[in-house]
Every structure is written in structure tokens, then in C-alpha cells.
Amino acid sequence: MTRRPSMRPRRLFRTQWAVSMAAALAVIGFVGAAQWNSSLAREEFVSSAQLALVGQAEQLQRDQEQMLGELEQAEADLQVLQERDSGSQTALALLNERLLAARVAAGAEDMRGPGMVVEIADSLRDIPAGQPQSNYIVLVSDLRNIVTALWASGAEAISISGSLAEGAPSVRLVSTSSIYGSGAAILVNGVALSPPYRIEAIGPDGLRDRFLAHPASIDRVLPKVDAYGLQFASEPRDEVMVRGFVGSTGLRWGAPVEEPD
Amino acid sequence: MRRRAAQLSLAIVAVIVGVLLIGQLRSQAPAIELSGLSAQELSDLIGTLRAGNAQLSDALTDVRQQVSEYERLDVAGQSTLTLTGEDVIRFSAFAGLLAVEGQGIVMDIDGQFQPANVNDLIHELRNAGAEAIAIDDVRITASSVPVRGTGAIAIDGVEIGNPFRVTAIGSPDGLTAALERPGGILSLFEHEIDASWAIIQREHVTVPATQRDLTPQVAEPVE
């Protein structure tokens, strides 16, 4: 009888304790799972000098992002102006038809059609002692091989994005596009992308089968996937949308040689 | 005793949560992806980003000037067809449908080349700012990739020679420096595939138009 009053606070304390522990364990579980899914292979020691360089690179990336947005808007404004003219409407229609064809050939238009999607990301395996880290991460050569296999298999338009997230920026491959690396960093058209990489391609029926059978895939990419556990998936799609190129299409060092009409 | 055990448990949990959170934040923050790079790699990256941003800035200026010119003619009630015609030429040249002439380099190169080596060379030139490239007489478009032909490397169905000639429009100094920098692509080729080369900078080179039809068969412009 005398114990009852003291039971309530103890029960309350136990409940609070249980709730706290459950919350803490939930946080550990969530963070642990997220941490497990991260690619540990890219983590390295960071010096203060590197941090200063990282700061510069990040600022340049922000500038790049802003200019790409402004350029996209300016191109859209230009297209609106190009679609109206006070002169001959027939001449305007013909010229705009030629302009559209040239923009399509240049990769400046958003395109859609049947095709396929490829996704590739770093391996989640622990790197055995003595083995090079580069075997377990996606390198420039892997992306170049995938793109080579796609073009050689009949792809008509390709874009690459550096994230699977909805709305992640995708970079259209055009005549001046470089897939370039600086260590583990991969730049496509000068835009730094990070894994997982998603490559979308429009092309005729059988694109995926030809892609998987192409030597650049079967002899170079897929063996690395098998040997080191790079995450890789590909699937055909009834419809793929590939965004138009945003960037410089002018010539600074040369001029077009116009053909006589 | 029980209370001390509880405090100890909480402390351990807090330490684990802290360590995991720091690890997670480090792996999620974009800065850390870059900080995985060495100082040399970061410097290269910064150089590439700077060059790319300069090109973007020029392109933005050009397009804004075009917009102003269209608006001026529009207000004056004059036709803008000539301006649009110039744009057709700009995109056609960019795509590879028109030949391009201007400053650049001509490089004759020899070695035990594989298609991937030629592909690497194309990407190196593009990254160095080449505006138009031809290998032998084949204009390199977006979809032009070197592949193993029946007897030699082929691009767009045309076999290239060994040695072969690379013609590129762009800054002669910039292109040469990018190709010949210590540890750069030509240095690698020299060691890996026994390559030898000669680069000539020229005030006037011509890169031919592609012989291919670039009209897509299944892809359609989005309305």
C-alpha cells in the first residue's frame, strides 16, 4: 500500500527511458543505413589548402549553374522572337523549318522517342587490401565506353545526369561535348557530375540489345561490373525525353564555310 | 548503480549517433565529393570550370545581343529573316553539317592506336576548347565514335589511316598546350602505345562537313 505513490514516477521514468532509447536507436538505424549506402571509396583526407580549392571550385560551379539558367532563358526569348516577322510569312515558315532542322541536328532541341536508360554507380563492396580504389568507382573511361556503345548502336540523342533524383540537371551530348575526368570527378560539358550516373538515349528498336552486345560494353564495362561490383542497370523504354543542349554553339576561332545555294 | 548504467548507455548511444551523423554529413555534402580530389586534380578541375564559364559568358553575351537586335528590328518593323538565316548557319556549323575554317592545329600522329585511344584524343581536344574536329577527312559530330572496323579503326563507316591526321579549329596555343602538357594525353600515348606526333599551329585550317545525314529517324522534337 505504501509503495503505490512511488510507482508512478518510476513507471513514467521507464516510459521516457524507453522512448528516448527507441528514438536514439531509430536515429542510429536511419543514419547507419544511409551511411552504409554511401560510397565510402571517395572519402579521403582533406587539407586546408584543398578546402580553399574546393571553395573555388564550388563557386565556379554556382556561377556555371547561374549562367546556364540565364542562357537557357535567353535562348527561349530568342526563339520566340524568331517565330514572328513582319515580312513574308511563307519565307518565315520555310526559314523556321530549316532552323528547327539545324537545331535538331545540333542537339539544341528537346527530343523524345523510344530508347533506353542506363544507370551506373560505384561499387558498394569493401575494397580488399592492396587493390586499387579506381577499380571500384565509375571512371571517365566507363562513361565514355557506355556512350561509345550507345552511339555505335544507333542512338540519336543522349544525355547524362549525375543523380537519379527527379529534376537533376542532365547534360546533352553534342559535337563539342567532352566527358572528362580529374581524379574521381567527372565533368560532362564542363559540368561536374557525381554518381550514380544516369544515361538516357533515344534510338531505334533493339537499341539495348545492340548496346549490350557492343565491344565497348561487353569487353570493357560489363567485365568491370562483374569483377568489382559496380552498380549497373539498363532497360529499354517506350519513350525517353532528352533535354536540349544549353551552352555555346558559336565559333570563336573559325567561321562556317557556306555552301552555294 | 542502475542510474550510472543508464548514463553510460546514453553516453555510448550519443557517441555512436555523433560519429554516424558526422560521417553521413561528410558523405552527403557536395563539398566533400570535391574534397576527395587531390590538390592537383582540384586545380585541373578549377581550370576546366574557368575555361567553361568563360565560354558560357561569351555565349550568353552573343545570345543577348541577338535578342536585342531582333527586338530593335521588330520595333522598327523590319524583317528579321536575315538574322534567323545566320542562326541556321550557326547551328548547322555546330552540328557538323557545314565545313568550318579558321585558326587551329594540324597533328599527324602515329602509334599502336585502339579505338578507345582515338576516342580519348577527341575528348581531350573538345575539353581544350576545339570547336570543330576532323580525323583524316571525317568530321567528328556528336555521334561520331571510333570503332574497330574490318581492318582498321573506322569513324562513321570510314577507315582512318595509321598514321592519321587530326585537324582542329580552336586556340592553336590552347590546343597544343592541352595535348602536350606533361603527364597529358600525348605523353601517355608515347609510353603506352609508342605514339609519335607532329603538331603544326596554323592561322588557317579547314574542317570538312560531315558526309552523314544527321536527321533523326525515331527521335522527334518536343513541341
### Summary
Subset of the range B:144-157, residues at negative phi and touching a residue at least 24 places away in the same chain (Cβ under 8 Å), comes to B:Ser144, B:Val145, B:Pro146, B:Val147, B:Arg148, B:Ile153, B:Ile155
### Query
Out of the range B:46-61, which residues are hydrophobic (A, V, I, L, M, F, W, C) and at the interface with another protein chain (Cβ under 7 Å from one of its Cβ atoms)?
B:Ile46, B:Leu49, B:Leu56, B:Ala59, B:Leu60
### Query
Is it fair to say B:Asp120 is in contact with a helix residue (DSSP H, G or I) (Cβ under 8 Å, 6 or more places away or on another chain), under 22 Å from A:Ser153 (Cβ atoms) and acidic (Asp, Glu)?
yes
## Note on the structure
The residue from B:Ala195, B:Ala177 that alone is under 20 Å from B:Ala130 (Cα atoms), of a type in the set (Gly, Ala, Ser) and assigned by TED's automatic domain parsing to the domain that holds B:Arg165 is B:Ala177
### Task
Please find, among B:Val205, B:Val147, B:Val166, B:Val218, the residue that is more than 25 Å from B:Ala51 (Cβ to Cβ) and in a strand (DSSP E or B).
B:Val147
### Task
Could you give me the residue pairs with C-beta distances under 6 Å whose first residue belongs to the range A:128-150 and is more than 30 Å from B:Ala142 (Cβ to Cβ), whose second residue is surrounded by fewer than 17 Cβ atoms within 10 Å (Cβ to Cβ) and modelled with pLDDT under 95 wherever it lies, and which are 6+ apart or on separate chains?
A:Gln133/A:Ile127; A:Tyr136/A:Ile127
### Task
Quick one: A:Gly154 ticks every box in (1) out of contact with any Gly (no Cβ under 8 Å at 6 or more places or on another chain); (2) within 10 Å of chain B (Cβ to nearest Cβ); (3) farther than 14 Å from A:Val221 by Cβ; (4) surrounded by fewer than 24 Cβ atoms within 10 Å (Cβ to Cβ) except a single one, so which number is it?
(1)
#### Entry: Sole residue being over 22 Å from A:Val257 (Cα atoms), modelled with pLDDT of 95 or more and either touching a Phe, Trp or Tyr at 6+ places or on another chain (Cβ under 7 Å) or facing chain A (nearest Cβ under 7 Å) (or both), chosen from B:Gly111, B:Gly104, B:Gly96
B:Gly111
### Task
Determine whether B:Leu188 is free of Cβ contacts under 8 Å to residues at least 24 places away in the same chain and under 22 Å from the mean Cα position of the chain (by Cα).
yes
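The values are calculated or read from the model by the stated rules, or taken from the named source; none is laboratory data. It should be emphasised that the depicted structure is a prediction, and the values quoted were computed from it without experimental measurement. Here the Cβ is made from the backbone with ideal geometry for all residues, glycine too, and neighbour counts use every protein chain on show.
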